[in-house]
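A short reminder: the numbers here are calculations on the coordinates, not readings from a lab. The model shown is predicted, which means the values in this text are computed figures rather than measured ones. Cβ placement follows ideal geometry from the backbone for every residue including glycine, while neighbour counts extend to all protein chains displayed.
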Amino acid sequence: MCFGCSLQALAGLSADGPSLRRLFPGGAARGQTVEVTAAGEAPQWPVSIWSDDPAIRWEALADKGKFRVTVDPGAGLGVHHVRFYDKQNATDALRFVVGPVAECNEQEPNDSLSKAQVVATLPQTINGVLEKRGEVDTFAVDLAANQTLVAALDATRSLRSPVDATLQIVSPRGIVLAQNLDTLELDPRIVFTAKSAGKYSIRVFGFPETPDSTISFGGGDTWVYRLTLTNSGWLAAAQPLAVSGIEATTVQPLVVGGQTAQPVTVPAVAISDIPKPFPLHIANVAASVLPLDVLTIPLQGEPRVAADQASPVLNLPVSMTGCLDQAQQVDRYRFSAKKGDKLRFALHARQFGLPIDGVLRIVDADGKQLAREDDTQKTADCTLNWTAPSEGTFVLEVSDAFGKGGAEWLYRVDMQAVQSDVRLTVKSDHFQGKVNQPLEVVVAIDRRDGFAEPVSVSVAGMPAALKADAVVSQKEGDSAKEVKLQIVATESFSGPIRIFGEVNGQAPGKRWATAAGDPLLGDFWLTFQ
């Protein structure tokens, strides 16, 4: 495979700055050193490199667009960011994933069953790219009778690749035995058990993430993916489906296709300025990482009560993790509320790739329905905002829209008062300006649930050569939805900054801005010449 070297510069970049955009491979394992190729152009070589984790060390090689990347054994699992820059400008922050198991790269040609790339050792993560329109990548593994294979593809979720991928498991005779399109958002996953011993093939192909007029398989040099194959277990879920930022959490992992995992204790997770999930990984048991939200409300497991009974009265706020073990099951949670209390019930399941199509319903003591919510904003996970009509005890019911159930029908429902708040986003993650001339950075102000307080927006991390006065977003008028920061440099500068909003009298006092296209990114880049 080969990345094209005549790509157009990214919108908004100077023609003289680097326009490197996609990385191959898109990640590496802990303790691994790999050569990474960046697609695009870099008129000045070598470029400088910024990484969000010093445990991931990047080195520009002699060949333009080539880097040596060393991932220390202690590097954090999951999504990381890297940026390339020179004196003229900087690229967008690109994503690079650190994984827990051995990795290799796709080897061409592998576009048919007869040319399938053999993967001899499992578990293994294969870095690949559907480089051209109509491309199909094929890999082969040997399975024993009754052996389970988990095939999981990561493309849009972690790498932001513009591909809606499909996975197939194909028999030694060329028959499609299993197929999946969407498990984790647009990324597919298959859990397959072989009925007989033999060499089975895994096929990867895809369509554009944004549908167009074509009906054939798509492709492009940015269609990068990571395919993990394992016959020794996959961490599919956990109870609870979150970890605490307040105290230690005892987590019971749910592993499919492998041995049963014992409970693990996760110490209280530090709350970061930019909220990021905690990467749960069970070494030597599962080949995957399960991203769990870090919560500051109490975590509880589903109470053991009769199927037709509700739980004891819960103290809100609380996060409950439950399971619809059987078809047609309805889980019931009792809670108290006063007249006028505004409460939010948020169900989480599909974000973990779990099959439940959740429905939330609130009934009174007599079983009368007071509120119901199914798919919210076109997702199978739903959020129900509700105002108590009177003081009393009520019941929240959780069910599956199609009445299905089973061991994997896990869910988490967060129950708490509606709290107005504000979020800040910035459309771009890098900006270019000229020395002694104001550079304008627009910050969008998202006021939620009636938030009506002034917000003072400032820049953090500036050296003495940069100046930027705080700008106040008033509760009404044009500034209520966006403000414009004016940043002035008295000398050349190239480096990261952060942007935050401060609200008097509220905790936490600072709301850190993130990039509009990447909620995990809070480092913005400035270049002044």
Seminar exercise, completed: To the nearest 0.05, the calculated FRET efficiency linking Ser112 and Lys64 through their beta-carbon distance, R0 being 41 Å, is 0.80
For this session: Compute the Cα gyration tensor for region 226-315, then decide on rounded, prolate or oblate, letting a ≥ b ≥ c be the square roots of its eigenvalues: rounded whenever a/c is under 1.5, prolate when a/b is larger than b/c in the other cases, and oblate in all that remain.
Result: oblate
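Using alpha-carbon pairs under 8 Å, 6+ residues apart, how would you state the relative contact order of region 299-417 in percent? Let's see the in-between values first.
Details: 309 pairs, mean separation 46.4, N = 119.
Result for region 299-417 is 39 percent.
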Problem set entry | Hydrodynamic radius (Kirkwood) for region 22-99, which is based on Cα pairs only, to one decimal in Å | 12.5 Å
Seminar exercise, completed: The long-range amide H neighbours of Leu149, using H built 1.01 Å from N in the peptide plane and a cut-off of under 5 Å, are Phe192, Thr193, Ala194
Exercise. With labels modelled as points extended 7 Å from the Cα through the Cβ direction, what inter-label distance (nm, one decimal) is found for Asp308 paired with Lys434?
Worked result: 7.9 nm
Exercise. Efficiency by 1/(1 + (r/R0)^6): what FRET value for Gln262 and Ile215, r their Cβ-Cβ distance, R0 = 51 Å, to the nearest 0.05?
Worked result: 0.60
Exercise. For Trp409, which sequence-distant residues (separation of 5 or more, or a different chain) have an amide H within less than 5 Å of its own amide H, given hydrogens modelled in the peptide plane?
Worked result: Leu324
For this session: Give the long-range amide H neighbours of Gly495: residues separated by 5 or more places, or on another chain, with amide H under 5 Å away, using H modelled in the peptide plane at 1.01 Å from N.
Result: Leu526
Exercise. What does the charge dipole of region 103-230 about its Cα centre add up to, to the nearest 20 debye, if the Cβ of each Lys and Arg holds +1 and the Cβ of each Asp and Glu holds -1?
Worked result: 500 debye
Seminar exercise, completed: In vacuo Debye sum over C-alpha of region 390-430, base-10 log of normalised intensity I(q)/I(0) at q = 0.14, 0.20, 0.26, 0.28 Å⁻¹, listed in q order, is -0.71, -0.87, -1.07, -1.14
Exercise. Let a ≥ b ≥ c be the square roots of the eigenvalues of the Cα gyration tensor of the chain; is it rounded (a/c under 1.5), or, if not, prolate (a/b larger than b/c) or oblate?
Worked result: oblate
Problem set entry | Backbone HN-Hα couplings from phi across region 262-277 [Karplus 6.51/-1.76/1.60, Hz, Gly and Pro as x] | 7, x, 10, 10, 9, x, 3, 8, 4, 7, 8, 4, 9, x, 10, x
For this session: Among the chymotrypsin sites (Phe, Trp or Tyr not before Pro) in region 318-406, which ones are in a DSSP loop with at most 15 other Cβ atoms within 10 Å of the Cβ? Mind listing them?
Result: Phe402
Exercise. What FRET efficiency would be calculated for the residue pair Ala120, Lys404, taking the C-beta separation as r and a Förster radius of 35 Å, to the nearest 0.05?
Worked result: 0.40
Problem set entry | Proximal lysines relative to Lys427, as straight alpha-carbon distance under 18 Å, when same-chain residues fewer than 8 apart are discounted | Lys481, Lys484
Exercise. What is the distance in Å between the Cα centres of region 66-99 and region 381-442?
Worked result: 29 Å
Problem set entry | Label-point separation in nm, Ala365 to Gln486, each point 7 Å along Cα→Cβ | 6.3 nm
Exercise. If one computes the Cα centroid of region 457-479 and of region 487-529, what distance in Å separates the two points?
Worked result: 9 Å
For this session: Give me the lysines in straight-line cross-link reach of Lys338: C-alpha distance below 26 Å, same-chain residues under 8 apart excluded.
Result: Lys368
